[in-house]
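Worksheet: one structure, shown below.
The values are calculated or read from the model by the stated rules, or taken from the named source; none is laboratory data. Predicted model only: the values in this text are computed from it and were never measured. Note that each Cβ is placed from the backbone with ideal geometry, even for glycine, and that neighbours are counted across all protein chains shown. Side chains included, ligands, DNA and RNA excluded: accessible areas come from the protein's heavy atoms. Shrake-Rupley method; radii C 1.70, N 1.55, O 1.52, S 1.80 Å.
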Amino acid sequence: MDLHLEGKVVILTGGFKGIGKGIALRLAKEGAIVAVINRDDGAAEQFAAEMKAITDNYRTYLMDLNDTDDIAPIVEDVVKTYGHIDGLVNNADRNDNLDLDHTSWREFEQSLHGNLTHYYELAHRCAPYLRESKGAIVDISSKTALTGQGKTSAYAANLLVFDASKGVHFHDEVFKDTVYFMNNVFCNTSTTPTQWYRKTDALAKAAFSNNDYYEAGGKASDTQPEDKRGLEVDPKFVGFSGGSDTPAGKLAGMAPKPRPTSTRHTPPPSCAWASTPSRPACSGRRR
């Protein structure tokens, strides 16, 4: 197939194995130049062998994405090397098997940092270049945020941005285990309020805290779950990526309420970020 990616520069995280490697190999076959950011997990040699069977024009950076301050120099190095960035694929994350009974708040925040912060930082650093190239960002998510699974509290809390604009229900299935929805964004670009369940007791084992609720019609459904820490008590739709000329965009205009600030736990710094095919990897903390 021809996806019109010839010569496009794409940054990809977690590209040495699994879904990430599949994406990297497909991008290379389509003629894109892939810059892969991955921890030193012993898979670099195998990945390089498979990539070189397709192209020599790619780049790898070995780093721990927990070391978020090291992301900016990598983005600048990609721009310096190739002159532009056309795409970003945030793929790297992991389920660290944390549950409510045995996880401290520090461990929970550390998991949030390890799964979510680098998604934001990469988008933040790449945004100016993606605007210039009219590029795109793809964030890989997981159905776990919707279907539920034990010991995934922090993992699932990073993953959900739910848009009910097509009249679907949230949630259509009954949770089999307690699921914690925290720090998610539930938006609805339709004027019909989100319906929060279809099956009886679908959300009986779900707990909601510190979420955002945006409704284009400015009115929440009477089935919306209780969220005492919800950031929008009276939800108003405040904007959408489709722009002000879209039906939902024309309904926007209500400013969001001030959001509370919070103190994040920042992991301690480790060694230098640098690692390219011609530069040895550092030996800092591994993610």
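Modelled spin-label separation between Ser209 and Lys80, with each label point placed 7 Å from Cα along the Cα-to-Cβ direction: 4.3 nm. Between Tyr120 and Gln46, the simple spin-label model (points 7 angstrom out along Cα→Cβ) gives 3.4 nm. Taking a Cβ cut-off of under 15 Å around Ala127, the surrounding Lys, Arg, Asp and Glu residues balance to a net charge of -2, with basic ones at +1 and acidic ones at -1. One equal scatterer on each Cα of the stretch 68-137, no solvent, Debye formula: the resulting log10 I(q)/I(0) at q = 0.14, 0.22 Å⁻¹ is -0.52, -0.91.
Full extension of the chain between Glu226 and Thr192 gives 10.3 nm of extra length, using 0.36 nm per residue less the Cα-Cα distance.
What FRET efficiency comes out for the pair Asp172/Lys134, r = Cβ-Cβ distance, R0 = 41 Å, nearest 0.05? Taking R0 as 41 Å, the efficiency between Asp172 and Lys134 is 0.70. When the surface is traced with a 1.4 Å probe over the full set of protein chains, Glu76 keeps roughly 90 Å² accessible.
Let me make sure I get this right: for the stretch 1-86, a, b and c are the square roots of the gyration tensor eigenvalues over alpha carbons, sorted descending. Under 1.5 in a/c it's rounded, otherwise prolate if a/b > b/c, else oblate. Which is it? In terms of gyration-tensor shape, oblate.
Here's how it looks for Met63: its modeled amide H is under 5 Å from those of Asn38, Arg39, Asp40, which are all 5 or more places away or on a different chain.
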